[in-house]
Amino acid sequence: AQEADINVLIVDDDNVTLHMISRQLKALNIRNEFVLSGQDALDRLYQNPESFQLVLCDVNMPGLDGGEVLCRILADPRLRYIPIVMMSSDGDLKKAKQLVQAGAKDYILKPVNEVSLVSLSFKVKTWRQAQSTQHLSAVYGITSVLLLHLKVVISSAEGLADVAAGSSPTSLARAAADGTLAASHERAVGTQPEATEGASTPETAHDLVSSSSSNP
């Protein structure tokens, strides 16, 4: 049989479980590696983020448990695209729901059987296709924005070139000077205080309080 185009990282603190799942994956021609702790899993992923297309992670482990491993993988831009499937002998539906809502792709019960592994191998292909589609959509969106900005810059440059071509340097300088003087005049007019009759009014809440207390 042809070897599947995925490599699975198995994470479990139980050595017997690790070897059993590894043998099942090999029987399905699925490449795999395994580690005995959450920290070892992160270290292995950090070494080469593109080595694995699926992580099978036990939930209940000493040290870094499965939930913490899940959070750290999803928080790392280099790793967050790797599908993570949680596994446990505990059929706690509340915990399973929390982990899936946190970002796990699935939650399976141990002991893991070959039927579950076959199903996961097909799901991985679907997940990878969806990831590729999202990546292409993001690239298309960024490219569209850049092209729009480039079009605006080109239009502005063409407009300035047309103005420069139809005006002498002297008239351009005079127009710039007139614009500067007009702007200065507007600022000067806008900052002049308005004339009021009688005494000036208090400017702050403290002045208002002082004024009212001195005029019974």
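See the values below:
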{"quantity": "Contour excess over end-to-end distance, with Cα ends at Ile108 and Ser22 and 0.36 nm allotted per residue", "calculated": "29.4 nm"}
{"quantity": "Stretch gain in nm, segment Asn48-Gln101, where the contour uses 0.36 nm per residue and the Cα spacing is subtracted", "calculated": "16.4 nm"}
{"quantity": "Packing-based ranking, highest mean first, of 10-20, 70-80 given that Cβ atoms within 10 Å are counted", "calculated": "10-20, 70-80"}
{"quantity": "Accessible area per residue in Å² at 1.4 Å probe, computed on the range 1-98", "calculated": "49"}
{"quantity": "Contour minus Cα-Cα distance for Lys125 and Arg31 (0.36 nm per residue)", "calculated": "32.4 nm"}
{"quantity": "Protection proxy ranking, peptides 62-68, 91-97, average beta carbon neighbours within 10 Å, highest first", "calculated": "62-68, 91-97"}
{"quantity": "Shape category assigned to the range 1-81 from the gyration tensor of Cα positions, a/c cut at 1.5", "calculated": "oblate"}
{"quantity": "Modelled FRET efficiency - R0 25 Å, Val152 with Leu74, Cβ distances, 0.05 increments", "calculated": "0.10"}
{"quantity": "Cut-off 15 Å between beta-carbons: net charge of the residues surrounding Asp14, Lys and Arg +1, Asp and Glu -1", "calculated": "-4"}
{"quantity": "Sulfur and carbon atoms: percent of accessible area, the range 1-61 [1.4 Å]", "calculated": "44"}
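The values are calculated or read from the model by the stated rules, or taken from the named source; none is laboratory data. What you see is a predicted model; the values in this text were computed from it and never measured. All Cβ positions, glycine included, derive from the backbone under ideal geometry; neighbour counts span all protein chains shown. Note: accessible area is taken over every heavy atom of the protein model, side chains too, but ligands, DNA and RNA are not part of it. Shrake-Rupley method; radii C 1.70, N 1.55, O 1.52, S 1.80 Å.
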